[in-house]
Amino acid sequence: DKGNHRHFMAKEIHEQPEVISHTLANYIDMGEATVSVPDFGVDASTLSRATISACGTAYYAGLVGKYWIERYARLPVEIDVASEMRYREPPMTAGGLALFVSQSGETADTLAVLRHARAEGQRVASVVNVRTSTIARESDVALPTLAGPEIGVASTKAFTCQLSVLACLAIGLGRARGVIDREQERALVQSLVEVPRHISNILRNESQYEAIASLLSKARDVLYLGRGTSYPLALEGALKLKEISYIHAEGYAAGELKHGPIALIDENVPVIVVAPKDALFEKTVSNMQEVASRGGQIILISDADPEEVGCRVAAHIAMPKATEFASPLLYAVPVQLLAYYTAVAMGTDVDQPRNLAKSVTVE
Ligand code: F6R
């Protein structure tokens with residue numbers, strides 16, 4: 001049932017405040033503003049490395065998780081797409097933590113890496129939406145996302161729920177490893193608790209997307225740029241756009257622009273810049289100026305005032321002020337909406353894009 005929505009994807013985008021709240025409530029003690037993550041059976045303080053593997057959107061969630069776990073728990077994280085890690089069969093230090101992210105819990109490549117990790121003596125934890133799935137069952141610890149069934153082939157609410165769990169995990173590991181103290185934990189938890197309200201506000205400003213989508217729908221190629229945790233968001237934005245609108249899109253780390261992709265920029269290439277006003281903002285601003293001086297059409301997604309970027313932007317999606325930690329959860333929403341409205345403008349089958357299956361149980 002799509003409710004009042006035209007597509008399941010729209011319905012699922014709008015469910016995010018609620019399902020993120022449910023997911024967070026599963027890991028957060030709201031009264032104390034602390035997180036509790038299940039015991040993995042490994043001593044977090046002596047852990048030397050974690051390995052993350054997943055596919056597609058779940059992999060991008062894992063990539064944000066890597067940035068968070070390295071930063072807030074000071075734990076080195078190796079990450080790769082499951083289809084590569086599977087055949088690379090990387091050596092893993094016994095007693096390490098292997099983490100998998102999967103909405104369906106049935107993705108063949110992810111499952112194959114899980115079995116490799118187990119053979120390598122890892123403790124296996126997985127962030128899964130389907131609790132009865134094979135990946136959940138074969139894990140030592142399943143960390144559920146409470147997104148509910150996701151019908152649209154393009155993953156939306158599962159992604160932000162995966163981010164919610166990974167954020168709690170980073171805080172939990174940070175505490176267990178003595179990297180963050182109780183006060184810092186409370187502040188991080190508080191910023192997560194505010195996410196559903198921020199997303200509700202973002203969803204109240206939906207009318208602006210149609211005009212931007214009409215610009216995107218005329219493009220042959222679209223670039224997405226971001227730095228830090230906004231880099232995986234750029235990758236996710238590009239994936240969403242290509243899978244449902246069939247427009248070619250690439251996500252790049254903003255700092256890589258001058259190492260190649262800048263050659264593509266002209267007035268026909270919209271460049272979507274995911275740029276919260278964080279510690280890396282000024283760096284991304286320089287990249288935006290490079291794009292603008294070559295005639296690129298910038299679509300800025302930011303809580304900063306567009307005046308601050310010192311160049312012309314074709315459109316600005318104004319974001320609420322949030323902490324640097326919570327921003328990936330918020331910035332996921334405008335990239336979903338841009339893809340959704342562009343697909344609607346193109347008249348494609350939003351919920352059942354061509355050539356794609358919801359669950360990839362064959363390699
Ligand atoms: C993209 C998308 C896919 C999945 C990928 C992994 O919108 O849905 O990229 O994220 O196939 O699927 P799961 O999470 O079920 O392992």
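The values are calculated or read from the model by the stated rules, or taken from the named source; none is laboratory data. Predicted, not measured: the structure shown is a model, and the values here were computed from it. All Cβ positions, even for glycine, are placed from backbone atoms using ideal geometry, and neighbour counts span all protein chains on display. Accessible surface is based on the protein model in full, side chains and every heavy atom, while ligands, DNA and RNA are left aside. Shrake-Rupley method; radii C 1.70, N 1.55, O 1.52, S 1.80 Å.
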**Report entry** Spatial extent of region 269-363: Rg and Dmax, with the Cα atoms as the point set, Å
**Finding:** 16.1, 49
**Report entry** Part-to-part distance (alpha-carbon centres) for region 325-348 and region 108-166, which is given in Å
**Finding:** 23
Query raised in the report: Per residue, how much accessible area does the chain show when a 1.4 Å probe rolls over the protein heavy atoms, in square angstrom?
Result: 40
**Report entry** R0 of 45 Å, Cβ-Cβ distance Ala25-Met346: FRET efficiency to nearest 0.05
**Finding:** 0.75
Report task. Report His14's accessible area, 1.4 Å probe, all protein chains in place, as a number in Å² to the nearest 10. Result -> 60
Requested in this report: Go ahead and estimate [θ] at 222 nm for the chain from helices alone: -39,500 (n - 2.57) per DSSP H run with n ≥ 4, summed, over the residue count, rounded to 500.
Outcome: -13500 deg cm²/dmol
Query raised in the report: Residues in region 54-72 near a label at Thr46, defined as backbone nitrogen under 15 Å from the 7 Å Cα→Cβ point?
Result: none
Query raised in the report: Taking every eigenvalue of the Cα gyration tensor of the chain, multiplying by 5 and rooting it, what semi-axes result, largest first, whole Å?
Result: 32, 22, 20
Report summary line: Rounded to whole angstroms and listed largest first, the alpha-carbon spread of region 135-263 along its three principal axes comes to 49, 37, 36
**Report entry** Within the accessible area of the chain (1.4 Å probe), percent carbon and sulfur
**Finding:** 48
Report summary line: So the angle from the long Cα axis of helix 281-292 to the longest Cα principal axis of the chain, reported in degrees to the nearest 10, equals 40
**Report entry** Debye, to nearest 20: dipole size of region 37-117, +1 on Lys, Arg Cβ, -1 on Asp, Glu Cβ
**Finding:** 160
Query raised in the report: With axes computed from alpha carbons, what is the tilt in degrees of helix 16-25 against the longest principal axis of the chain, rounded to the nearest 10 within 0 to 90?
Result: 20
Query - Loop sites in region 118-175: trypsin sites (Lys or Arg not before Pro), DSSP, at most 14 other Cβ within 10 Å - result: Arg131
Query raised in the report: So which lysines can Lys2 reach, going by Cα to Cα under 19 Å and dropping same-chain residues fewer than 8 places off?
Result: Lys11, Lys157, Lys358
Requested in this report: Could you order Tyr59, Tyr252, Tyr340 by accessible surface area, starting with the largest, using a probe radius of 1.4 Å?
Outcome: Tyr252, Tyr59, Tyr340
Query raised in the report: In nm, to one decimal, how far is the Thr323 label point from the Arg354 one, both placed 7 Å along Cα→Cβ?
Result: 4.6
**Report entry** Mean Cα-pair separation over length for region 102-142, i.e. relative contact order, pairs under 8 Å, 6 or more apart, %
**Finding:** 46
Query raised in the report: By how many degrees, 0 to 90 and rounded to 10, does the Cα axis of helix 157-176 deviate from the longest principal axis of the chain?
Result: 50
Report summary line: Yeah, region 228-303 with a ≥ b ≥ c from its alpha-carbon gyration tensor (a/c under 1.5 is rounded, else prolate when a/b outruns b/c, oblate otherwise) is oblate
